[in-house]
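Coordinate-derived values only; no laboratory data. What you are looking at is a predicted structure, and each value in this text was computed from that prediction instead of being measured. Reconstructed Cβ throughout: ideal geometry from the backbone, glycine too, with neighbour counts over all protein chains shown.
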Amino acid sequence: MPDDIDVKHLISKMAAAIQSHTDSHNNIAPIMIGIKTGGAWIAKALHQQLVYREPLGELNIAFYRDDFSTLGMHPRVSPSALPIDVTDRHIVLVDDVLYTGRTIRAAMNEIFDYGRPARITLAVLVDRGARELPIQADIIGKTIVLQAGQQLKLLGPEPLTLSIANVGSRGN
């Protein structure tokens, strides 16, 4: 249950794992990019803990999604902010919940519109499984299995908490 999950502890655990992963791959001065909205909140906390010298980037992938019209999403128009060239750089891409993989695919499409990074490391607070696309996180704060009809959401930005909601059926 999310009430038992200490998000700050998971972020600290992720920061240590990111540092270890970065060191083992000899990645100097990585660029951290958070996916709006929850991923950006997590990325901000990680960026502060890791004391990265490069500025924090933020992506709004709404128009890169391949399913926003089928989900009834109404994307908010707000710009992405990548304050540094990503070409040949190591990117740490951060999101809150990894589920189908479509958000990550969209984020990578947008990143490649800015340049071709040398490497992308994916860090997620929660992996809830059930992929539709073959995308796997390198750094995972916690894996959670939900029942059919349940949805996991990060609430924040202060304090950061996880919430599980039952999604009503959209019947005829």
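Specify the angular offset, from 0 to 90 degrees and rounded to the nearest 10, of the alpha carbon long axis of helix 102-114 from the longest principal axis of the alpha carbons in the chain.
Rounded to the nearest ten degrees, it is 30.
In sequence order, what are the phi-derived ³J(HN,Hα) couplings for the range 129-143 according to the Karplus relation 6.51 cos²θ - 1.76 cosθ + 1.60 with θ = phi - 60°, rounded to whole Hz, with x for glycine and proline?
x, 6, 5, 9, 10, x, 10, 10, 7, 7, 10, 10, x, 7, 9
Mind sorting out which of (i) 31, 23, 16; (ii) 29, 23, 16; (iii) 26, 20, 14 is the real semi-axes √(5λ) of the Cα gyration tensor in Å computed from the coordinates?
(iii)
Toward the positive end of the charge dipole of the chain, about the Cα centre and with charges on Cβ (Lys, Arg +1; Asp, Glu -1), which of 84, 103, 159 goes farthest?
103
Report the gain in length on full extension from residue 84 to residue 138: 0.36 nm times residue separation, minus Cα-Cα distance, nm rounded to one decimal.
17.1 nm
Among bridges DSSP assigns within the chain, what percent are antiparallel (round to 5)?
25
For helix 7-24, what angle does its Cα long axis make with the longest principal axis of the chain, in degrees from 0 to 90 and rounded to 10?
For helix 7-24, the angle is close to 40 degrees.
So what's the back-of-envelope 222 nm ellipticity for the chain, counting only DSSP H runs of four-plus at -39500 (n - 2.57) apiece and dividing by all residues, rounded to 500?
So the calculated ellipticity at 222 nm is -8500 deg cm²/dmol.
Only Lys, Arg, Asp and Glu count, each charged at its Cβ (+1, +1, -1, -1), so figure out the dipole size of the chain about its Cα centre, rounded to 20 debye.
180
For helix 38-50, what angle does its Cα long axis make with the longest principal axis of the chain, in degrees from 0 to 90 and rounded to 10?
Around 30 degrees separate the two axes.
Given contacts defined as C-alpha pairs under 8 Å and at least six residues apart, what's the relative contact order of the chain, whole-number percent?
Reported as a whole number, the value is 23 percent.
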